[in-house]
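Input: a single structure, listed below in structure tokens.
The values are calculated or read from the model by the stated rules, or taken from the named source; none is laboratory data. These numbers were taken from a predicted model, which means no experiment stands behind them. Please note: Cβ atoms are built from the backbone with ideal geometry, for glycine as well, and neighbour counts cover all protein chains shown.
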Amino acid sequence: MNNLILVLNCGSSSIKFAILNPKTEKKYLSGVVECLFLPETSITWKCLGIQYKKSIGSKIDHKTALIFIIDEVLFKQKDILKNLIGIGHRVVHGGIKIKKSMLINEDVIKKIKDAISFAPLHNPANLIGIKIFREKYFNLSKKNVAVFDTSFYHNMPEISFLYAIPYNFYKKYGIRRYGAHGISHKYVAKKASIILNKTFSSLNIITCHLGNGASVSAICNGICVDTSMGLTPLEGLVMGTRSGDIDPSIVFFMNKKLNMSLDEIEIILTKKSGLLGLSEISSDFRYFEKNYNIKKNAKRSVDVFCHRLSKYISAYTTLMENRLDGIVFTGGIGENVPLIRKLTLSRLSLLGFKIDNKLNSSMIMGKSGLISKNLSWPVFVIATNEELAIAKETMNIINKK
Ligand code: ADP
């Protein structure tokens, strides 16, 4: 039990944490605080094989939850803590200036603050986690590393990241496409390169991260050349509660004709749209899987989801320089819902994708493997592991110092 890394993922309404050894990949402790700011905030954690669950209170904020995690969970595991050599923080948006993972100092904190307008729900939460962990673990205060979801997209070509609005908005205000979920896309692409026995720098692959948030990335010669998320994680695919792509005129219509304020429209597009908006009932894919053949609202939601996803995949095949090594499905939906993979790939048969139904049905609950037939471009399900990716990156940065 040595050389352990603590990974902290401070989200907008949840906080995930884990302690693991990035080399052996063994996890010693992991947990999650859920329902921040809601009537019942709870924590569950697992340590050395034992599971715990507790209520933390009502409408608990990030700071209170983090102090609970530190005092009631982490500080009680002295044997594990004494082997900690660094802390890796997931940071959603690095803004214009940050291109790679960094040891956290005052300058990095300022740059994360500068990017708040691009990730207003996430970056402030990430900053609270950074502040509290640097203060509470003073002996490791110089070994906190920020790992950014946007880093993977910094080599995207201008033709992919520019919006066709006056160029000055990019030059002066940094309005461009930044992407998101980069940690996961890179992790599963690397796994695919190992399965395919190819170097990462020669890999041409399309990765689909389908969870509550969802995005697709086109990776050519190991570099991300396009991705579906934009300035913020609102653009692109249909998501749990986010609309993904819409005609911007919908915003003008809601504002001018329906007299809705910009704040109200933002809530509609980020919290009440996507699968929840289309179905008028749920954003949980278990509902859609169960009811696809029974209920109209489930069928229309899933069909819009797959239609949009297949459009992105087919568009991204044009960026592959004449060879596609495969497609990867990952994330809670990508890893667990054979129906989505089947419906999406059946729309892509013209491009040469053929799914093996038996393999597809068997690939659930964290299993990884091939789900396509012999004569198809390869299609894989690969379980993502963002915690492990952050821990490995943190270790690399600490070792470089
Ligand atoms: P995020 O990390 O973005 O919050 P996840 O990657 O955990 O999201 O994915 C959440 C989504 O995956 C939800 O829509 C959930 O219903 C779906 N999901 C997770 N497990 C299953 C399962 N076993 N069967 C069907 N859907 C699942």
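Can you find a residue in the range 307-315 that is of a type outside the set (S, T, N, Q) and not in a helix (DSSP H, G or I)?
Here is the first cut: in the range 307-315, the ones of a type outside the set (S, T, N, Q) are 307-309, 311-313, 315.
From the residues that got through so far, the ones that are not in a helix (DSSP H, G or I) too are none.
There is no residue in the range 307-315 that is of a type outside the set (S, T, N, Q) and not in a helix (DSSP H, G or I).
Here Ala391 fulfils each of the conditions (1) under 21 Å from Ser201 (Cα atoms); (2) under 19 Å from the mean Cα position of the chain (by Cα); (3) away from the ligand (no atom under 16 Å from the Cβ) apart from (1). Suppose the filter is among the hydrophobic types (A, V, I, L, M, F, W, C) and closer than 16 Å to Leu8 by Cα; does Ile96 pass it? In short, no. The number of residues in the range 318-337 being over 14 Å from Ser368 (Cβ atoms) and within 15 Å of the ligand (Cβ to nearest atom) comes to 3.
State all residues of the range 316-343 that are assigned to a helix (DSSP H, G or I) and in contact (Cβ under 8 Å) with a residue 40 or more places away in the chain; if no residue qualifies, say none. Before you say what the answer is, go through the steps one by one.
The first filter runs over the range 316-343 and keeps only residues assigned to a helix (DSSP H, G or I), leaving 316-317, 331-336, 338-343.
Those that are assigned to a helix (DSSP H, G or I) and in contact (Cβ under 8 Å) with a residue 40 or more places away in the chain: Tyr316, Thr317, Gly331, Gly332, Ile333, Gly334, Glu335, Asn336, Leu339, Ile340, Arg341, Leu343.
In the range 297-313, the residues that are in contact (Cβ under 8 Å) with a residue 24 or more places away in the chain reach residues that are assigned to a helix (DSSP H, G or I) and hydroxyl-bearing (Ser, Thr, Tyr) with C-beta atoms within less than 8 angstrom, at least six apart or across chains, in these pairs: Ser301/Ser279; Cys306/Thr344; Leu309/Thr344; Ser310/Thr344; Ile313/Thr344. Among the residues of the range 154-164, are any surrounded by fewer than 19 Cβ atoms within 10 Å (Cβ to Cβ) and at positive phi? Within the range 154-164, not a single residue is surrounded by fewer than 19 Cβ atoms within 10 Å (Cβ to Cβ) and at positive phi.
Taking the condition of being closer than 18 Å to Ile194 by Cβ and surrounded by fewer than 16 Cβ atoms within 10 Å (Cβ to Cβ), how many residues in the range 324-369 meet it? So that I can check it myself, show each step before the final result.
To start, the set of residues in the range 324-369 that are closer than 18 Å to Ile194 by Cβ comprises 324-330, 335, 363, 366-369.
Then keep just the ones that are surrounded by fewer than 16 Cβ atoms within 10 Å (Cβ to Cβ); that gives 366-367, 369.
The total comes to 3.
Within the range 352-395, how many residues are out of contact with any strand residue (DSSP E or B) (no Cβ under 9 Å at 6 or more places or on another chain) and either in a loop (DSSP other than H, G, I, E, B) or modelled with pLDDT under 95 (or both)? I'd like the intermediate steps shown before the answer.
Of the range 352-395, the ones out of contact with any strand residue (DSSP E or B) (no Cβ under 9 Å at 6 or more places or on another chain) are 352, 357-358, 361, 365-366, 374-375, 385.
When the remaining residues are screened for being either in a loop (DSSP other than H, G, I, E, B) or modelled with pLDDT under 95 (or both), the result is 352, 365-366, 374-375, 385.
So the count comes out to 6.
The strands (runs of 3 or more DSSP E) located wholly in the range 188-276 that include 1 or more residues which are within 15 Å of the chain's Cα centre (by Cα) and within 15 Å of the ligand (Cβ to nearest atom) occupy 205-210, 214-220.
Picking from residues in the range 273-316 that are in contact with a strand residue (DSSP E or B) (Cβ under 7 Å, 6 or more places away or on another chain) and under 23 Å from Leu375 (Cβ atoms), the one that is surrounded by the most Cβ atoms within 10 Å (Cβ to Cβ) is Leu309.
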